[in-house]
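Asks: Pasting a structure below so you can have a look.
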Amino acid sequence: MTVNRVQPPLRVVLTDLNAAVVESWRAAFADTPEIEIHEGSILDEKVDAWVSPTNSRGRMDGGVDAVIKRHLGAGIQLRVQRAIRDRFAGGLPVGSAVCVPSGAVDPKFLISTPTMESSSENVSETLNVALACAAAFQAIHRKNDEAPGSITSVALVGMGARTGRVPARVCANLMWTGYTLFNDHSFEDYDDLRGTIVAQLDDIEKAPAEQRVRIVPPARRRARRGATSV
């Protein structure tokens, strides 16, 4: 079951140290001027929530996860893994996310969403970036449903572009898909989100690298069959 909800305005910052990712974001989000794109560290972003690409066990031992763990302290991994254990029986599926208190003022929350099952996995031939990005935004929907206005700003890095070896342009396009789905729709649960994305992006590997794909919310699918490419 899918639902449409009114959410508070959200400031979205995309930030990365990888110049190729930043350049690719600028191309993919060229017609989305409300998105802020920075070249730099996520640690410098003063927002309500950081999004960290992780693995299904929430082991923050590599990539951006490790940087954030060093910055926020070892307790952040304990909170992430406790949330995964309590809500997902210890294994967080790709296309899901947990949102936990950071223990800091900026950010107030950390959203962990897996781009891979285990550490250092090559996900360049998967839909994992779109799934992870959409799940992160779904976590914002859920947090703001529980406590309206909790997250009004968020920063994300290039998901899967480092450890997961996803090409920068592919990463940017799949993150655009996840962001536009956040604006268009909200889901009752992560299973529904994953099913909708996979059903419409399953043959994306046949598309040109520069092509972006917008997910059509299920209620509108009969009128507009399949995904709309722009």
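Asks: For the range 101-116, state whether one or more residues are over 16 Å from the mean Cα position of the chain (by Cα), under 21 Å from G164 (Cα atoms) and at pLDDT 95 or above.
Replies: No, the range 101-116 has no match at all.
Asks: Only residues that are of a type outside the set (S, T, N, Q) and at pLDDT 95 or above: list them for the range 74-85, please.
Replies: Matches in the range 74-85: G75, I76, L78, R79, V80, R82, A83, I84, R85.
Asks: Kindly provide the set of residues from the range 163-190 that are buried (at least 19 other Cβ atoms within 10 Å of the Cβ) and not in a helix (DSSP H, G or I), ordered by number.
Replies: T163, G164, V166, H185, S186, F187 - these are the residues of the range 163-190 that are buried (at least 19 other Cβ atoms within 10 Å of the Cβ) and not in a helix (DSSP H, G or I).
Asks: Out of the range 30-52, which residues are in contact with a helix residue (DSSP H, G or I) (Cβ under 6 Å, 6 or more places away or on another chain) and within 13 Å of G158 (Cα to Cα)? If you could, list the steps in order and put the result at the bottom.
Replies: Step one: of the range 30-52, the residues in contact with a helix residue (DSSP H, G or I) (Cβ under 6 Å, 6 or more places away or on another chain) are 37, 39, 43, 50-52.
Of everything in the range 30-52, those that are in contact with a helix residue (DSSP H, G or I) (Cβ under 6 Å, 6 or more places away or on another chain) and within 13 Å of G158 (Cα to Cα) turn out to be I37, E39, W50, V51, S52.
Asks: Let me confirm something: among V98, V129, V157, which residue is within 18 Å of the chain's Cα centre (by Cα), buried (at least 23 other Cβ atoms within 10 Å of the Cβ) and over 23 Å from V22 (Cβ atoms)? Spell out how you get there, then give the answer.
Replies: Numbers: V129 fails: over 23 Å from V22 (Cβ atoms); V157 fails: over 23 Å from V22 (Cβ atoms).
Being within 18 Å of the chain's Cα centre (by Cα), buried (at least 23 other Cβ atoms within 10 Å of the Cβ) and over 23 Å from V22 (Cβ atoms) holds for just one of V98, V129, V157, which is V98.
Asks: Being surrounded by fewer than 24 Cβ atoms within 10 Å (Cβ to Cβ), assigned to a loop (DSSP other than H, G, I, E, B), at pLDDT 90 or above and hydroxyl-bearing (S, T, Y) narrows it down to one of S119, S124, S150, so name that one.
Replies: S150
Asks: I would also like to ask the following. Across the range 101-114, what is the total count of residues that are buried (at least 24 other Cβ atoms within 10 Å of the Cβ) and either touching a Cys at 6+ places or on another chain (Cβ under 7 Å) or more than 19 Å from L78 (Cα to Cα) (or both)?
Replies: Total meeting the criteria: 1.
Per-residue answers, yes or no, for (1) surrounded by fewer than 23 Cβ atoms within 10 Å (Cβ to Cβ); (2) over 23 Å from V105 (Cα atoms):
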position	(1), (2)
S24	no, yes
A28	no, yes
T32	yes, yes
H38	yes, no
D44	yes, no
V51	no, no
N55	no, yes
R70	yes, no
A74	yes, no
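Asks: Okay, next question. Please report, ordered by residue number, the helices (runs of 4 or more DSSP H) entirely within the range 2-111 with at least 1 residues that are without any contact (Cβ under 8 Å) to a residue 12 or more places away in the chain, more than 23 Å from I215 (Cβ to Cβ) and among the acidic types (D, E).
Replies: The qualifying helices (runs of 4 or more DSSP H) are 75-88.
Asks: Looking only at residues that are crowded, with 18+ Cβ neighbours inside 10 Å and at pLDDT 85 or above in the range 193-204, which one is farthest from the chain's Cα centre (by Cα)?
Replies: T196
Asks: Here is a follow-up. Between a residue in the range 175-186 that is of a type in the set (A, V, I, L, M) and any residue that is part of a helix (DSSP H, G or I), which pairs come within a Cβ distance under 6 Å, given they are 6 or more apart or on different chains?
Replies: From the range 175-186, the pairs are M175/C133; L181/A134.
The values are calculated or read from the model by the stated rules, or taken from the named source; none is laboratory data. The structure displayed is predicted, hence computed values, not measured ones. In this analysis, Cβ positions are derived from the backbone assuming ideal geometry, glycine residues included, and neighbour counts consider all displayed protein chains.
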